[in-house]
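All remarks here apply to the structure that follows.
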Amino acid sequence: MEKKVWRLILATILITGANRGIGLALVQAYLKRGDSVIGVCRNSSEALQRSGAEVIEQVDVSQQDGLDKLQNQLGGRTIDVLINNAGIMRKNSLDDLNFEQIREQFEVNAIGPLRVVATLKANLQKGSKVGLVTSRMGSIADNDSGGSYGYRMSKTALNAAGKSLAVDLNKQGVAVALLHPGWVNTEMVNFNGLIEPEEAAAGLLARMDELNVENSGGFWHSNGSQLPW
């Protein structure tokens, strides 16, 4: 029997880091199927402006003042799907540690999404969904190559935060997913990825469609497989 996936029609979707790469591809994918999309970013792009999404820029997820501005612009609107996609990657090996860059990655990749969810908690209702775009590089069990200290540590911290959010938001009927998009061909990886942003976005969208309070708190690859912690 074919499995049915139910989704909200004309849902309101909010995506951070929406100006390029995976975020932009997610904006385009949700718009294509008729949803209302709010693209949030520090600085917009021509592609995002042309997409048809509502654009809210000058929002840095590591700074509370920008998130307060975002909350004010949203007013009392309900967010059906909140995707925390904004993130950065800095290369740090054991022989070339830059602790300021490590701290920066924690602020953007781990604390930033928590700030976003906490700030917009009142905009979430029963049935809303939160997606945290993380990475399998945050998996401790899967780490067999070392290095990338700041990025790995920040994504592991995000996974821990996401699991706690899944427990806490369950009380108001909000589900949370931790999502690895794959090794995507974006500027973050110097365009050396294995899949295109559109393919990653399609997988992430499918995972969000399948998300509910029963499977909330899982760590998923965009292809549907569950990842080890």
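Values quoted throughout were computed directly from the atomic coordinates according to the rules given, and no laboratory measurement underlies them. This one's a predicted model, so the numbers in the text were calculated from it and none came from an experiment. Methodologically, a virtual Cβ is constructed for each residue, glycine included, from the backbone with ideal geometry; neighbour enumeration extends over all protein chains shown.
Key figures
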| read-out | value |
| --- | --- |
| Range of Cα positions in the chain per principal axis (Å), largest first | 50, 44, 33 |
| Ranking of Val40, Val117 by count of other Cβ atoms within 10 Å, fewest first | Val117, Val40 |
| Gaussian network model of the chain, springs between alpha carbon atoms under 10 Å - residue of Ala47, Ala86, Ala177 with greatest fluctuation | Ala47 |
| Cα lying deepest toward the dipole's positive end in the stretch 1-157, options Asn85, Gly75, Tyr30, charges on Cβ | Tyr30 |
| Inter-label distance, nm, simple model (7 Å from Cα along the C-beta direction), Arg90/Asp65 | 2.1 nm |
| Structure-based [θ]222 nm, the chain - -39500 (n - 2.57) summed over DSSP H runs of at least 4, per residue, nearest 500 | -10500 deg cm²/dmol |
| DSSP-assigned coil residues among chymotrypsin sites (Phe, Trp or Tyr not before Pro) in the stretch 82-185, each with at most 16 further Cβ atoms within 10 Å | Trp183 |
| Sequence of Leu94, Leu120, Leu31 once ranked by neighbouring C-beta atoms within 10 Å, starting from the fewest | Leu94, Leu31, Leu120 |
| Residues Asp96, Asp168, sorted so that the one with the fewest Cβ neighbours within 10 Å comes first | Asp96, Asp168 |
| Given 10 as the ceiling on other Cβ atoms within 10 Å, longest exposed-site-free region of the chain for trypsin sites (Lys or Arg not before Pro) in DSSP loops | 5-125 |
| Filter on Lys69/Lys91; Lys32/Lys69; Lys129/Lys155; Lys32/Lys171; Lys32/Lys155; Lys121/Lys155 - keep pairs with C-alpha separation over 26 Å | Lys69/Lys91; Lys32/Lys69; Lys32/Lys171; Lys32/Lys155 |
| Contour excess over end-to-end distance, with Cα ends at Ile195 and Gln172 and 0.36 nm allotted per residue | 4.7 nm |
| Among Gly21, Ser145, Val61 - extreme Cα towards positive end, dipole of the chain, charges at beta-carbon | Val61 |
| Fluctuation leader among Gly127, Gly87, Gly146 - the chain, Gaussian network, Cα springs under 10 angstrom | Gly146 |
